[in-house]
Structure formats: structure tokens, C-alpha cells
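S.K.: Got a structure for you, questions after.
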Amino acid sequence: MPYCYPPDPNTRKPVFTPPGNSCDTHFHVFGPPEVFPFLSTHEYTPPAAPLEHYLKMLAVIGIDRAVVVQPSVHGLDNSATLDAIKNSNGKFRGVARIDDKTPKGELQRLHAGGIRGVRFNLLDRPRGNVTLEVLDRCVDHIVEFGWSLDLHIDMKNLLGQEKRIRGMAVPVVIDHIARVKPAEGPGQPGFQLLLDLLKLPHVWVKVSGADKICETAVHGYYGLPFIEVVPYAQAVIGVAPERILWGTDWPHSNNFAPGHTPNDGDLVDLLAQFAPDERIRKKILVDNSATLYGFA
């Protein structure tokens, strides 16, 4: 079972200063495993990444709010996610993992605990994906709560699920720019579909996961400084700036390559390249996240 590299502990203060009430809409809490155990069937072993470590990083980069996303290694036990929300002084919301057998009473408990969405994987890999029947039933169950559906989906599956996404009865958030492949250029069919889907009022995109997207080496370091993603982020922002979200993806799980770990301060400055216009950055960092996740 592969072990992940930990996040960069020396967070750099970004050059760009985020506006007040800015939100990191995508981070994970892992463990600590002696308090919140990992599933025995987890596909990778992340470093312990407790809330306290994240809060220290957040203070350096100047972000006030956040959305904690339940990682697959904790399965359907959302305890670590709920604990992070509870200890945030009202500054966090959450995205949970459920299945079609999760009882309504549990959904109500999750909502009361600050959960505002659910997440599923639809990736071109053998394990960890939700079945489409379960996905559809879960969507039916969350409509009354006003939650969104986070899809960790890649280009191949985006093409395959176009009709399903178009017909969704809840807001659909496409994580990590749908794992676009920079080497295939902006004309690749999946990315052109993503731009078209963004014209629908219920489709959102997170400009996050740059380290998962970029593939080339710069100055000997794999992927850094992730400039390959810039034109793709700019393109989705250009279509629907009112439905674009930003996230660090801390602590950058599934990172198995030495030298590939991003510094979260650099990711803030990367957003300034995505959106040079200060008004658009405020939409992405403050207004959009408040709308979708119910911040004041």
C-alpha cells in the first residue's frame, strides 16, 4: 500500500493578499488515526493531517473560511469532518460521503453538523468509484437538504456522464477542473464539454488540484510551478465566474512523487494568475463559496 508524502510544513506567505472572508473550498482532514481510524481497505496511506496543522497553514495564507471534504480513507464515517467543522467557530462547512443506505436521520444529523454536500469518485481506475445507480439514489435523498454534489471526475467519465450531469436536480461541482490533461490541449473533447456544461446554472467548477493535473518537469521538479493549468483555469473562469470555486486540496493526498508537493502559499499566488481581475478573485474566493455553502 503506497504512502503519501506529507504537505509542505513551511508555508510561504503569498504575495497576493486574499480579501476578507475568503474560502478554501477543498481540504481534507486525515486522522490522526488513533482518534479517527482509516478504513482497513483504504487504497493509500496518507500522512496524519489533523485540523491543527491545517489551521496553522490557513493563518499564513490569509484564508478565513473553508470547506472540509471527507476523504475516501475514512469511508462513510464522517466523524473527522464533523469534528473539524465543530471546532471552526462557524467558519467551516463540509462535504460528506454517504451511500444510498444512509438513513434520513443520519442525513439530518450531518446537515445540523454543517454538511452542505456529498462527494463521489468517477475516475478511470478500478477502485473507489460509485456505481451510477447508487449515485442517482443518493442525489434523490439530498435534494430536500439543498446540498450540492461534488464529482471527482476525469475527462473520460465526464464525456460518458454528460446526460446525467445535465439532468441533475442539485448543484453539481466538478472538482479539479475535471482532471483536464494539459498535454492534449484546450481542444480536447472533455474540456470543451466542461466549458459547455458551465453554461448551465447548476454546474460549478473548482479550480484546484493543480499538482494532480500538471505533468511536466520545471527546473528539475515534477509539475512545479503548475503553470500548465493556468489557461484551463482562465477558460472556465471566463465562461462562468459566478460559479467558480477555489481550493488548496491540502494536504495534497495521493502525492507519491518526491519534489511534487505544492506549497499552499504558491497556490494562492497561482490563483492571481488564474484571475488577474481583483473583482473576479473576490467572486471566486468570497461570494461564490458563500452562495453555495451557506456562509453569511
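The values are calculated or read from the model by the stated rules, or taken from the named source; none is laboratory data. The structure displayed is predicted, hence computed values, not measured ones. We place every Cβ from the backbone using ideal geometry, glycine too, and count neighbours over all the protein chains shown. Ligands, DNA and RNA are stripped out before the accessible areas are found, and what is left, the full protein with its side chains, is counted by its heavy atoms. Shrake-Rupley method; radii C 1.70, N 1.55, O 1.52, S 1.80 Å.
S.K.: Report the relative contact order of the chain, percent, no decimals, based on alpha-carbon pairs under 8 angstrom and at least 6 residues apart.
M.R.: Values: 554 pairs, mean separation 65.4, N = 296.
Computed value for the chain: 22 percent relative contact order.
S.K.: Looking at the calculated P(r) for the stretch 105-196, what percent of the C-alpha pair distances fall above 16 Å? Can you show the working numbers first?
M.R.: Working: 2341 of 4186 pairs.
Pairs farther apart than 16 Å: 56 percent.
S.K.: Sticking with this one: Among 7-18, 279-290, how do they line up from the highest to the lowest mean number of other beta-carbon atoms within 10 Å? If you can, show how the numbers build up before the last one.
M.R.: On the way: 7-18: 15.5, 279-290: 19.1.
Per-residue mean Cβ counts within 10 Å order the peptides as 279-290, 7-18.
S.K.: Please return the longest stretch of the chain lacking exposed loop sites, where GluC sites (Glu not before Pro) count only if DSSP places them in a loop and at most 12 other Cβ atoms lie within 10 Å.
M.R.: Numbers: sites that count: Glu34, Glu215.
The segment 35-214 is the longest one with no such site.
S.K.: Does the stretch 1-58 classify as rounded, prolate or oblate by the C-alpha gyration tensor (a ≥ b ≥ c root eigenvalues; a/c under 1.5 gives rounded; else a/b over b/c gives prolate, otherwise oblate)? Walk me through the numbers on the way to the answer.
M.R.: Working: a/c = 2.60, a/b = 2.13, b/c = 1.22.
It comes out prolate by the Cα gyration axes.
S.K.: Next up: When only C-alpha pairs under 8 Å and at least 6 residues apart count, what is the relative contact order of the stretch 54-199, in percent? Mind dumping the intermediate values first?
M.R.: On the way: 192 pairs, mean separation 24.9, N = 146.
Relative contact order for the stretch 54-199 comes out at 17 percent.
S.K.: Would you please state the base-10 log of I(q)/I(0) at q = 0.09, 0.12, 0.16 1/Å for the chain, with intensities from the Debye formula using one equal scatterer on every alpha carbon?
M.R.: Results for the chain at q = 0.09, 0.12, 0.16 Å⁻¹ read -0.39, -0.72, -1.44.
S.K.: Using the scaling law 2.2 N^0.38 Å as the reference, what is the normalised Cα Rg of the stretch 23-167? Don't jump to the answer; show the numbers that get you there.
M.R.: Working: Rg = 15.4 Å, N = 145, 2.2 N^0.38 = 14.6 Å.
Output field value: 1.06.
S.K.: Here's a follow-up. Quick check: residue separation of Val15 and Thr291 times 0.36 nm, minus the Cα distance between them. What number comes out in nm?
M.R.: Values: separation 276, 0.36 × 276 = 99.36 nm, distance 2.69 nm.
That pair, Val15 and Thr291, stretches by 96.7 nm at full extension.
S.K.: Any idea of Cys214's accessible area? Nearest 10 Å², probe 1.4 Å.
M.R.: Ignoring ligands and nucleic acids, Cys214 comes out at about 0 Å².
S.K.: Continuing with the same structure: Can you pull out the trypsin sites (Lys or Arg not before Pro) in the stretch 113-142 whose DSSP state is coil and whose Cβ has at most 14 other Cβ atoms within 10 Å?
M.R.: Numbers: sites: Arg116, Arg119, Arg127, Arg137; in loops: Arg127.
Taking the stretch 113-142 and a limit of 14 other Cβ atoms within 10 Å, the loop trypsin sites (Lys or Arg not before Pro) found are Arg127.
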